[in-house]
Amino acid sequence: MDLALVEARAAAERGEVPIGAVLVRDGVVLAAAGNRTLELNDPTAHAEVLAIRLACAGVESQRLPGADLYVTLEPCPMCAAAISFARIRRLYFAASDEKGGAVEHGVRFYGSPTCHHAPEVYSGMAESEATQLLTDFFQTRR
């Protein structure tokens, strides 16, 4: 999660919402990314999606079995679906997102009968640090 927080801080420095994601398999970092929606003018350039794209390109597969994703904020519906489609084994997220989250809030994607693969989910890891990073970022914007 420490690496995901590094990516989140880098995203904030770029003026992006500070969310970071890191994919790990067998103790090896496959990919790390932070939000780049503004920089790339791409609403799909969330940290999770970018990390999944990088990891899949690196292993030359559309699936990432045995991989674990660490992300600083509860994934949105789009990211939750991408995690499922990539067959990621475990999802660890720091801060909950009552407005936009889709794992423990909102649509609760992995509990849906149309979800083909649900990762093991662990929440709350480094929650206070991730929450503070988001709070500080948005306070400077108001």
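Worth pointing out:
- Selection status of residue 94, aliphatic (A, V, I, L, M), outside any loop (DSSP other than H, G, I, E, B) and exposed (fewer than 15 other Cβ atoms within 10 Å of the Cβ): no
- Number of positions in region 116-142 that are exposed (fewer than 15 other Cβ atoms within 10 Å of the Cβ), touching a residue at least 24 places away in the same chain (Cβ under 8 Å) and either small (Gly, Ala, Ser) or over 26 Å from residue 2 (Cβ atoms) (or both): 3
- Selected residue (criterion: nearest to residue 46 (Cα to Cα)) from residues of region 106-115 that are assigned to a loop (DSSP other than H, G, I, E, B) and either open to solvent by less than 40 Å² (accessible area, probe 1.4 Å) or small (Gly, Ala, Ser) (or both): 106
- In region 21-51, residue least open to solvent (accessible area, probe 1.4 Å) [restricted to those that are within 13 Å of the chain's Cα centre (by Cα) and polar (S, T, N, Q)]: 35
- Yes/no for residue 107 being free of Cβ contacts under 8 Å to residues at least 40 places away in the same chain and touching a helix residue (DSSP H, G or I) at 6+ places or on another chain (Cβ under 6 Å): yes
- When residues of region 52-71 are limited to those that are aliphatic (A, V, I, L, M) and touching a strand residue (DSSP E or B) at 6+ places or on another chain (Cβ under 8 Å), the one most open to solvent (accessible area, probe 1.4 Å): 54
- Total residues in region 81-91, condition crowded, with 24+ Cβ neighbours inside 10 Å and either in contact with a His (Cβ under 9 Å, 6 or more places away or on another chain) or at positive phi (or both): 3
- Residue within region 72-80 that is free of Cβ contacts under 8 Å to residues at least 24 places away in the same chain and either open to solvent by less than 70 Å² (accessible area, probe 1.4 Å) or under 18 Å from residue 2 (Cβ atoms) (or both) present: no
The values are calculated or read from the model by the stated rules, or taken from the named source; none is laboratory data. Computed from a predicted structure; not experimentally measured. Note that we place each Cβ from the backbone using ideal geometry, even for glycine, and neighbour counts take in every protein chain shown. Just so you know, the surface numbers come from the protein's heavy atoms only, side chains and all, with ligands and any DNA or RNA stripped out. Shrake-Rupley method; radii C 1.70, N 1.55, O 1.52, S 1.80 Å.
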